[in-house]
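One structure is given below, encoded as structure tokens.
The values are calculated or read from the model by the stated rules, or taken from the named source; none is laboratory data. Computed from a prediction, not measured in an experiment: that's the story for all the values here. Neighbour counts run over all protein chains shown; Cβ positions are idealised from the backbone, glycine included.
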Amino acid sequence: MRAIDLHTHSAVSDGTETPTALIEQARLAGLDIVALTDHDTDRGIAEAREAASSAGLGLLPGMEVSAKHHGRSIHILALGNTPAPGSDFALKLNEVRDSREKRAQHIVERLGEDFPITWEAVLEIASGRGVSVASVGRPHIADALTRAGVVTGRAEAFETMLAPHSPYYVPYRALEAAEAIAGIHASGALAVGAHLMTVKRGKGLSSDACQELVESGLDGFEVFHREHGEAERAALVEIAHERGLIVTGGSDYHGSGKPNRLGENTTSEESLERILEATSARL
Ligand code: AMP
Ligand code: ZN
Ligand code: FE
Ligand code: FE
């Protein structure tokens with residue numbers, strides 16, 4: 001049986017390692033197949049594919065798309081393919097990343113009035129990880145606050161000044177879930193809801209909300225994820241069985257940016273086969 005982790009991040013978004021270093025870590029962790037799923041960008045896939053091919057690992061192309069459902073922020077994994085350059089969906093993702101960057105600048109402006117942080121310091125950290133950053137997020141701001149000695153790390157920053165209720169918080173323009181799912185399908189990928197029932201306070205979706213996403217075309221659920229307890233896993237598996245959906249698992253590895261370890265949650269061979277068949281992806 002192969003070890004398959006279908007949710008990881010590199011420094012192209014808010015992970016801390018290059019795609020090449022991530023693949024090396026995956027090899028050391030004993031993984032056989034990895035999906036690189038950076039936030040709203042596929043820019044790391046080419047490097048990851050090359051590294052995976054040298055390391056003898058399989059690479060499934062992917063992305064984690066920022067979306068919203070009834071105004072709530074959700075993440076959808078696009079697995080098996082990436083949008084064609086210049087396609088409608090690729091252009092929409094460009095806009096989302098632009099909006100992310102402007103929003104991050106706004107947050108830093110607000111923080112800068114009370115703390116020793118500048119946009120230059122954030123960019124220096126985000127772009128100093130050996131690969132050009134495509135998707136800037138709050139984790140990069142957290143890293144700058146940490147370097148300035150304001151917080152002890154990302155976890156503390158997310159609990160305090162970067163939390164949605166904080167006066168420093170600014171939202172960004174994510175896609176509507178149905179729009180994101182349609183774009184993912186147009187790129188030839190499958191749309192799998194990421195950690196939809198997260199146990200993080202106030203952020204998890206109900207079974208009804210998950211069912212609505214299935215009505216909008218969602219193909220599967222990420223069930224095996226550290227933010228799902230037994231109850232959440234059981235609820236998602238039940239809907240997946242009922243509706244014939246794919247079930248996946250992944251670590252949501254962010255390098256040193258999160259405690260998540262590669263391979264801590266994995267996907268079955270059977271689910272991988274379904275993804276490969278539906279997307280004609282080559283590993
Ligand atoms: P953003 O993309 O700016 O909305 O920031 C969300 C990202 O921050 C997600 O990718 C999460 O993985 C990451 N994140 C959220 N909470 C934490 C935390 N407590 N520690 C580290 N990273 C976090
Ligand atoms: Zn992230
Ligand atoms: Fe996520
Ligand atoms: Fe993620």
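Of the set (1) more than 16 Å from ligand 3 (Cβ to nearest atom); (2) surrounded by fewer than 23 Cβ atoms within 10 Å (Cβ to Cβ); (3) of a type outside the set (Ser, Thr, Tyr), all apply to Ile141 but (2). Scanning segment 197-253 for residues that are of a type in the set (S, T, N, Q), more than 25 Å from Leu31 (Cβ to Cβ) and either within 18 Å of the chain's Cα centre (by Cα) or within 16 Å of ligand 4 (Cβ to nearest atom) (or both) returns no hits. Taking the criterion of being in contact with a strand residue (DSSP E or B) (Cβ under 8 Å, 6 or more places away or on another chain), among the basic types (Lys, Arg) and within 21 Å of Leu59 (Cβ to Cβ), the residues of segment 230-283 that qualify are Arg261, Arg274. If you filter segment 173-197 down to residues that are modelled with pLDDT of 95 or more and farther than 16 Å from Leu213 by Cβ, you find that the one that is nearest to ligand 1 (Cβ to nearest atom) is Ser187. Contact map, segment 228-255: residues that are within 21 Å of Gly217 (Cα to Cα) paired with residues that are assigned to a helix (DSSP H, G or I) and within 16 Å of ligand 2 (Cβ to nearest atom), Cβ distance under 7 Å, separation 6+ or inter-chain. No pairs are found.
Residues in segment 70-80 that are buried (at least 21 other Cβ atoms within 10 Å of the Cβ) and part of a strand (DSSP E or B): Ile74, His75, Ile76, Leu77, Ala78, Leu79.
Say whether the condition of being of a type outside the set (Asp, Glu), within 12 Å of ligand 1 (Cβ to nearest atom), free of Cβ contacts under 8 Å to residues at least 24 places away in the same chain and part of a helix (DSSP H, G or I) is met by at least one residue in segment 132-143. Yes: segment 132-143 contains one or more residues that are of a type outside the set (Asp, Glu), within 12 Å of ligand 1 (Cβ to nearest atom), free of Cβ contacts under 8 Å to residues at least 24 places away in the same chain and part of a helix (DSSP H, G or I). The condition of being without any contact (Cβ under 8 Å) to a residue 24 or more places away in the chain and either more than 18 Å from Asn260 (Cα to Cα) or surrounded by 16 or more Cβ atoms within 10 Å (Cβ to Cβ) (or both) holds for only one of Glu215, Glu179, that being Glu215. Does segment 263-283 include one or more residues that are out of contact with any helix residue (DSSP H, G or I) (no Cβ under 9 Å at 6 or more places or on another chain), farther than 20 Å from Leu79 by Cα and at pLDDT 95 or above? No: segment 263-283 contains no residue that is out of contact with any helix residue (DSSP H, G or I) (no Cβ under 9 Å at 6 or more places or on another chain), farther than 20 Å from Leu79 by Cα and at pLDDT 95 or above.
Just so you know, in segment 35-62 the residues that are in contact (Cβ under 8 Å) with a residue 60 or more places away in the chain and assigned to a strand (DSSP E or B) include one that is farthest from ligand 3 (Cβ to nearest atom), and it is Gly58. Checked against the criterion of being charged (D, E, K, R), within 16 Å of ligand 2 (Cβ to nearest atom) and out of contact with any strand residue (DSSP E or B) (no Cβ under 7 Å at 6 or more places or on another chain), the candidates Arg110, Arg72, Arg100, Arg27 yield just one match: Arg100.
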